[in-house]
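The values are calculated or read from the model by the stated rules, or taken from the named source; none is laboratory data. Quick caveat: nothing in here was measured; it's all calculated off a predicted structure. Heads up, the Cβs are rebuilt from the backbone with ideal geometry, glycines too, and the neighbour counts pull from every protein chain shown. Accessible surface areas use protein heavy atoms only, side chains included; no ligands, DNA or RNA. Shrake-Rupley method; radii C 1.70, N 1.55, O 1.52, S 1.80 Å.
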Amino acid sequence: MTGHLKTWPIILALSILSAPLVLMYAYLFIDTVTNSPPGSFIPNEFTLEHWAFLWHTPPGRPSIWRVTFNSLLFAASTSLLVIVVSSMAGYVLSRLNVPARGFFLAGVMVLHAFPAITLIVAIFLVLQMIGLYNTLIGVILVKAAIDMPLGIWLMKGFYDTVPWEIEMAGIQDGASRFTVWRKLVLPQVKPGIFALWLFAFLLGWSEFILPQVLAPSGDVQVLSVYLASLIADDNNFDMALFKSVGLFYIAPVLILFFVFQNYLMNIYGGGSKG
Amino acid sequence: MSASRDIVESGPARIGTRAAPARPRFAWLNSSKGLGLVLIMPALLLVIAFFLAPVILTGVFAFTNMSTATGITGGAYQISPGALRVLTDRYGMGELAERLGQPTYVVDEQGLAALAEMEIDQDIIDGLKRRLGETFSSRRDFERVIRDLPTRPNTRTVKRISDAFSRSLANARFASAGALMSAAEAIDPELTDDEKAALREATYTGWSWTTDNFRRLITSPQTMRILFNTIFFVAATLLIFNTGFAMLLAIATHYIPDRPAGIFRIIWFLPRISPAVIYVLLWKWLAWDTGFLSAFLDNFGIRPRNWMLDSAFNAWVFVILINGFVGASMGMLIFASAIKAIPQSLFHAASVDGAYRWQQIRHIILPHLKWPILFVTCYQTLSLLTSIEQTLLSTDGGPGGATEIWSLAIYHTALNNYAGNLQYGYGAAMALVLVVIGIVLSLLYLRLFNYRALIIKPRIEH
Amino acid sequence: MRILLDKFSKSFGAVKVIEDMTLEIKDGEMLALLGPSGCGKSTTLFAICGIHKVTGGRIYFGDRDMTDLPSQERNVGVVFQSYALYPHMNVAENIAFPLRIRNLPGAEIKRLVDEMADLVHIGNLLDRRPAELSGGQQQRVALARALVRRPNVLLLDEPLANLDAKLRLEMRSEIRRIQLETGITAILVTHDQVEAMSMCDRIAIMNAGQIIQIATPKEMYRNPRTTFVAGFLGNPPIAFVEAEARDGMLAVKNADIRLPVPPDAVTPPDGTPVIIGIRPENLGPEGDAIIRGRVSFIETQGRENLYDIKLENGSVLRSIQRVRDDISLDDEVEWRVRSDRLFVFAENGERL
């Protein structure tokens, strides 16, 4: 930091640039608990009426709790699958002397960069053929598979930081390679697994296009699809309702993000897609 | 000390050797190869099922005419009015079509059995039995024959009898080509091979192999437009936001104290962590005709309108803003950490030299950002090329297809459109273009970022 | 237990690190593998414990051929330079780990852990995590963990390198005490000649993948086989000067110094170029051969002083003597060496 240079003009300029974002997110909250007179954006009454969707299910739509449960199930299952599969495969790529290891490593890097969303047409047709269309299981498997290359790559990075000597000591102590992984190495990468789990959970919770295409209807709808269909319905335009559902939907994301910022920033910076 | 003495003196406690642990029950779990195979198997299966197979299948589907109409499993043979029209128009076999379309009357055992069921006079049945195997191409001809029978049935009975022998093929469905042919030959035993082939093709309801998708892709003027849109979208967003604005944010936050810098970084991170649906909703709130922008500009006498969709220009502005705000954060993080890695001594030396801030930026910061910029550019090109959620949720390609980009066009062709006829085959052909670009670019990154450096030989050898 | 490496070879890809090395470690003996970094001593250690597969040769523990057995079945205790304690387990759990793997009953494990903790004097630390221990304490835990399963052999890989000077002195004698009390066969890998000499029964000195000499520390110091060995042992180190055999004497090149051939060496034919090694403690006021030079450097070490003497041909000899006030920098001196303590080497470094 060069002390003698004034910083306030920069802060001012950044504040002006950031104003639209701040405004949008501020009103996301404000509009859900207030009413404003038409044409104005200064609230004149406090109300909880926009939150009625929590206990009153509009006709023709699934209950918000059903949808929330689906979202939770979807995000929890994909993230669990991602950490299990990645923590296994990441260890192989980081530590085990397997044939074609270089090929696997290159494969993971290519898959990590490869835009899986381009495969959605084929996946859509395959799920229809094998009868997993419009099921949570189908879309969970697809989402987990798509997030997995990043997961493997991150887990490999975490394993790389575990000292080799710990593994060597383990096998000298008589433990099998499996026991060494399970009992000695996995505990060392716990924080990494947690970060990956959190990251994958948030990715799953936020996912829209996959459930929209692969599991769009009724019983298996997740929050993102539910909210999108609410917004797309031209007959019931109610911005305050959209925002209330939206706030309900985004709140866990914001809370987790603010609490575990430090865990997440590294992963986001390390190249998630978007 | 005394305890250890004991060990020396009392013989058995002196350290001899203890047996090695028993060989583990699953010995293969103890070698790199065995354990490696087990641990990598789930990942491998997922990759095969959801990457490898879809890549191949995208290629396969691209050479079919699959659509909602054809279904995705095999089809049947149906002599539908549409199929007859095809037979007439495409194969010039109007006569055959007419014959197949008309009701036909065949005196057969099945019809006679039906008559017996209807408790028709046995004399009539016997009379018709004599004409077994005869075919009549019009109801009138057949009914005349019935009326001419010695029993002389009344008009109502004649109608019931003729109905029982009606063997129309119109709208009949056959599970196989063989069934279709035997039915057609029953009506017209003198079908030529050409006619048979034409009939088979015209009446098939399932999908078939074709290269039409690619011909259409190349010749359609729509393709050029979408291609241009895509290139414009990727280039503009990348340049303005993913690298340009990201760099501005990174450099600006570098020059202010840590606390406000952290706050700004979090603010600019919100678009990335927010689910696309809600993030785009906020932009809609800003842009819609009852939204913030309209209400605000109303004070200056500007008519409220849906700013996001009222003109192609505005739609592009919003599409780029919406995607750009998401993309900026990744560049911001990467550039910021690259700037942080520049030795502080360089900055101090520069400020002693009296270099102004922008000179610092030009001569110290920017040269250090070369690789990060390359990385972000590579990475985000692919991301933007295949990004779909934000654009789908905001303009949905509108107004009038002005912001229809490639990935969105795939979605509209194959997965969701208002017309309801989803052209899977054509969509797969469009997707195949992106798949190929994706594979080529990801392989390119692999070369660019020299993955060999990452492969270190494992230190435990078995 | 006796350990035997029989014509052991190891390559990494095309690079041959060790070739045809034969080495026997006697039962209950502590042997040092001493050498500079990259000489193959760690590779040898990794081959003994099974982390590396050997490229050729056999490895025997006692009479048993261990060459193709995995590490887990060799029952080797290893103490690593970084100690490699398991960070998520406390001290007791660390020590108990090898016993848990062997499915010993809990009471037995507890008894053995306590016994071992007493042996290495960490009985009061059993509940701590490794991160809460000092370097010396971590080392004791690592030793306890390596010994608790009564290994066939104890391998110590640069065990003192991460300790500060004072602790190093303390742990040196501690490790030796524990080794002697347990009577275990041990191999110490180190690049530090002081460690090797002070802790071990015998030293195997290695260079470029080969064992140059195996001997007791005393023998090796007194009777180095090559210039490499002579140069590696001793602090301050030995000094070498080039010379030539002339008339049954050794004439230092470009200097008016003639030294007699030591009694245990063969007199080389006239004109043979040789290298003479003189240890600093053998150059001083006493001796039978004269060396003239100028004092070019004086280092005070407290009890003794180290003098560098520059000969007229430019080469430098060292002398370590009691502190004396009669000599200062740039003085011309005429000192003596004991010719029976000289080492004479051929040009290729082999002792004559």
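Just one of (1) assigned to a helix (DSSP H, G or I); (2) open to solvent by 60 Å² or more (accessible area, probe 1.4 Å); (3) closer than 28 Å to B:Thr192 by Cβ fails for B:Tyr91. It is (1). Tallying residues that are more than 36 Å from the chain's Cα centre (by Cα) and within 27 Å of B:Leu382 (Cβ to Cβ) within the range B:253-267 yields 1. In the range B:339-346 there is at least one residue that is touching a His at 6+ places or on another chain (Cβ under 6 Å) and either outside the structural domain of B:Phe233 (by TED's automatic domain parsing) or farther than 24 Å from A:Leu202 by Cα (or both). The lone criterion from (1) within 23 Å of A:Tyr27 (Cα to Cα); (2) open to solvent by 20 Å² or more (accessible area, probe 1.4 Å); (3) more than 9 Å from chain A (Cβ to nearest Cβ); (4) not basic (Lys, Arg) left unmet by B:Ser220 is number (1). Looking at this structure, is B:Gln122 polar (S, T, N, Q) and more than 29 Å from B:Leu169 (Cβ to Cβ)? When the stated conditions are applied, B:Gln122 passes them. Beta carbons closer than 9 Å, at least 6 apart along the sequence or on distinct chains, pair a first residue in the range A:81-104 that is in contact (Cβ under 8 Å) with a residue 60 or more places away in the chain with a second that is of a type in the set (Val, Ile, Thr) and open to solvent by 30 Å² or more (accessible area, probe 1.4 Å) for A:Ile83/A:Ile193; A:Ser86/A:Ile193; A:Ser87/A:Ile193. If you go through the range B:172-193 and keep only what is assigned to a helix (DSSP H, G or I) and touching a residue at least 12 places away in the same chain (Cβ under 8 Å), you end up with B:Ala177, B:Ala179, B:Leu180, B:Met181, B:Ala183, B:Ala184, B:Ala186, B:Ile187. If the condition is being closer than 23 Å to C:Ala243 by Cβ, not in a strand (DSSP E or B) and not acidic (Asp, Glu), then the range C:299-316 contributes C:Leu311, C:Asn313, C:Gly314, C:Ser315.
Consider the range B:61-85 and keep the residues that are open to solvent by less than 50 Å² (accessible area, probe 1.4 Å) and assigned to a helix (DSSP H, G or I). The one that is nearest to the other protein chains (Cβ to nearest Cβ) is B:Phe61. Screening A:Gln128 with (1) within 10 Å of chain B (Cβ to nearest Cβ); (2) in contact (Cβ under 8 Å) with a residue 40 or more places away in the chain gives one miss only, at (2). Taken over the range A:22-69, the criterion of being in contact with an Asp or Glu (Cβ under 8 Å, 6 or more places away or on another chain) and either in a helix (DSSP H, G or I) or on the phi > 0 side of the Ramachandran plot (or both) is satisfied by A:Gly39, A:His50, A:Arg66. Among the residues of the range B:294-346, the ones that are of a type in the set (A, V, I, L, M, F, W, C) and either without any contact (Cβ under 8 Å) to a residue 12 or more places away in the chain or at positive phi (or both) come to 7 in all. Taking the listed residues B:Ile456, B:Ile410, B:Ile437, B:Ile373, the one that is modelled with pLDDT of 85 or more, at the interface with chain A (Cβ under 10 Å from one of its Cβ atoms) and surrounded by fewer than 22 Cβ atoms within 10 Å (Cβ to Cβ) is B:Ile437, with no other qualifying.
Taking the criterion of being β-branched (Val, Ile, Thr) and outside any helix (DSSP H, G or I), the only residue of the range A:88-121 that qualifies is A:Val98. Of the helices (runs of 4 or more DSSP H) lying entirely inside the range C:102-194, those containing at least 2 residues that are farther than 16 Å from C:Phe80 by Cα span C:106-119, C:165-182.
Going through the range A:180-211 one residue at a time, which ones are more than 8 Å from chain B (Cβ to nearest Cβ) and without any contact (Cβ under 8 Å) to a residue 24 or more places away in the chain? Those that are more than 8 Å from chain B (Cβ to nearest Cβ) and without any contact (Cβ under 8 Å) to a residue 24 or more places away in the chain: A:Val180, A:Arg182, A:Lys183, A:Leu184, A:Pro187, A:Lys190.
Scanning the range B:376-405 for residues that are of a type in the set (Ser, Thr, Tyr) and more than 7 Å from every other protein chain (Cβ to nearest Cβ) yields B:Thr377, B:Thr381, B:Ser387, B:Thr391, B:Ser394, B:Thr395, B:Thr403.
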